[in-house]
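Here the structure comes first, spelled out in structure tokens, and everything after it is commentary.
The values are calculated or read from the model by the stated rules, or taken from the named source; none is laboratory data. Only a predicted model underlies this, so the values are computations on that prediction, with no experimental measurement involved. Ideal geometry is used to build each Cβ from the backbone, glycine not excepted, and the neighbour counts take in all protein chains shown. Remember, those area values only see protein heavy atoms, side chains included, never the ligands or the DNA or RNA. Shrake-Rupley method; radii C 1.70, N 1.55, O 1.52, S 1.80 Å.
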Amino acid sequence: MSSSAALQQHRHRSGGGSGIVPLAALIKEEARTERRANTGSRICVREEDVGRGEVGEAVTRRPLLRYGCAAQSKKGEDFFLLKTDCARPSTSSASSSTYSHAPTFAVFAVLDGHNGIAAAIYTRDNLLNHVLSAMPQGLLRDEWLHALPRALVAGFVKTDKEFQTKGQASGTTATFVIIDGWTITVASVGDSRCILDSEGGAVSLLTVDHRLEENVEERERVTASGGEVGRLSVVGGAEIGPLRCWPGGLCLSRSIGDIDVGEFIVPVPYVKQVKLSNTGGRLIIASDGIWDALSSEAAAKCCRGLPAELAAKQVVKEALRIRGLKDDTTCVIVDIIPPDQTIRPPSPPKKMNKLKSLIFRRKVKDPSNKLTKQLSAVGMVEEIFEEGSAMLSERLGNDSSGGRISASLFTCAICQVDLEPTEGISVDACSLFSSSSKAWEGPFLCCDCRDKKDAMEGKRPSGVKVL
């Protein structure tokens, strides 16, 4: 609709009169018309009026999400997940009775399967439900966000455990992104990647690549747990290709599935949680078909200024131009936009100081400092949580919240089955060779999940149970 048409419509609504229309009213009418006419990238409007919110939450307007996806298939093993209106579990009776709208969050994921598609499809269809089943009920939003990292670990491990019971040998990477307001929580295993292009052009990694070739810590963990790491040997004794884990020949140290490789290929995800400033940002979530061709900075730069759907196509196009179609290539782009905008403005390139980059990407070692909410020097991104340990005792234990976000006392922290008071064993307990078991301290694991934990840590061969 043109400006003149908008003017006529406003006159009609106001009953004619003198025909004089305030400029502010005309601009408002035109903006409303443009939003209705917008048929570009898919958009998820998640705006809340000022004054709304849950009890105990900061009252802010939520961002808009605009997203797009593009892919080129070589083997047909890449999959993705786009869900923009996931209902957050009910928080409290007070907030439920006061507000008629249910709080929501969005989920975006890229899954790169190998040795078949079964693991990628199962993960796409079940991982979110497993994460939510590990979340305690009755939490306010801040508590819910605080509980997410632990629930993501439990959900990843449960997904892996249940898929392996099906006896299928395929596996998958998983980069799983939850967006709740301005807070982004990313969990990942494998070498799919998520990057954040902040306002001003600062590009930051929100994941860690679990490739044996590039990750020394993961190589040491796999060998310490009983795996063998080496290259493929050919006739004559020459070794070729990337480092792989044997048996199986997988070049990743973490994945979901891969029962034929060994339990030392663990499903425990690296998790990072950040909060954006109200200037927003862009997420690029993609499989290794993109990252084998483009650096994080190159991927962000090649699509700046484009709407999300065109940007995803441009990233795929650029990757194919540089490397060709040698692998499945999938890209999901999510623009997180301030509520008073409908299109994310282009971010001009910005040189990033190496020291600032290291500050943002530093790895938290001390569990007591994981939730200290330190302000990043890059792009005004608030770093809330970061942990990459593969040890379940470090990821599911050490609750400093006084038990508020812990699972039920007599429920397995991974698979959520009910336990008898005499069943289960603490996730911190050394159950196999030590007499110092702390069986009275939670969270607890059922016998099956305890056996899986011990196998993942090299304390017991896979499938061997302790009577």
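If the condition is being over 22 Å from residue 289 (Cβ atoms) and touching a residue at least 60 places away in the same chain (Cβ under 8 Å), then segment 105-127 contributes 105, 106. Checked against (1) in a helix (DSSP H, G or I); (2) open to solvent by 10 Å² or more (accessible area, probe 1.4 Å), residue 326 passes all but a single condition, namely (1).
Residue 319 - would you say it is open to solvent by less than 20 Å² (accessible area, probe 1.4 Å) and assigned to a helix (DSSP H, G or I)?
Details: open to solvent by less than 20 Å² (accessible area, probe 1.4 Å): yes; assigned to a helix (DSSP H, G or I): yes.
It is true that residue 319 is open to solvent by less than 20 Å² (accessible area, probe 1.4 Å) and assigned to a helix (DSSP H, G or I).
In segment 262-284, how many are open to solvent by 10 Å² or more (accessible area, probe 1.4 Å) and over 18 Å from residue 145 (Cβ atoms)? Final tally of qualifying residues: 4. Scanning segment 214-252 for residues that are under 20 Å from residue 267 (Cβ atoms) and either of a type in the set (Gly, Ala, Ser) or in contact with a Pro (Cβ under 7 Å, 6 or more places away or on another chain) (or both) returns 224, 225, 226, 227, 248, 249, 251. In this entry, residue 333 passes the filter for residues that are in contact with a helix residue (DSSP H, G or I) (Cβ under 7 Å, 6 or more places away or on another chain), open to solvent by less than 70 Å² (accessible area, probe 1.4 Å), at pLDDT 50 or above and under 16 Å from residue 206 (Cβ atoms). Per this entry, residue 287 is not counted among residues that are hydroxyl-bearing (Ser, Thr, Tyr), farther than 27 Å from residue 308 by Cα and surrounded by 21 or more Cβ atoms within 10 Å (Cβ to Cβ).
Could you tell me whether any residue of segment 218-230 is of a type in the set (S, T, N, Q), in contact (Cβ under 8 Å) with a residue 40 or more places away in the chain, in a strand (DSSP E or B) and touching a strand residue (DSSP E or B) at 6+ places or on another chain (Cβ under 9 Å)? No, segment 218-230 contains no residue that is of a type in the set (S, T, N, Q), in contact (Cβ under 8 Å) with a residue 40 or more places away in the chain, in a strand (DSSP E or B) and touching a strand residue (DSSP E or B) at 6+ places or on another chain (Cβ under 9 Å).
Every test in (1) open to solvent by 10 Å² or more (accessible area, probe 1.4 Å); (2) within 23 Å of the chain's Cα centre (by Cα); (3) touching a residue at least 24 places away in the same chain (Cβ under 8 Å); (4) over 17 Å from residue 210 (Cβ atoms) is passed by residue 295 save one, and that test is (3). The criterion of at least 3 residues that are at pLDDT below 90 and within 21 Å of residue 192 (Cβ to Cβ) is met by none of the strands (runs of 3 or more DSSP E) wholly inside segment 38-109.
Residue-wise test of (1) farther than 22 Å from residue 71 by Cα; (2) in contact (Cβ under 8 Å) with a residue 40 or more places away in the chain; (3) part of a helix (DSSP H, G or I).
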site: 129; (1), (2), (3): yes, no, yes
site: 148; (1), (2), (3): yes, yes, yes
site: 155; (1), (2), (3): yes, no, yes
site: 169; (1), (2), (3): yes, yes, no
site: 185; (1), (2), (3): yes, yes, no
site: 191; (1), (2), (3): no, yes, no
site: 201; (1), (2), (3): yes, yes, no
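Summed over segment 145-173, the residues that are over 22 Å from residue 445 (Cβ atoms) and crowded, with 24+ Cβ neighbours inside 10 Å give a count of 3.
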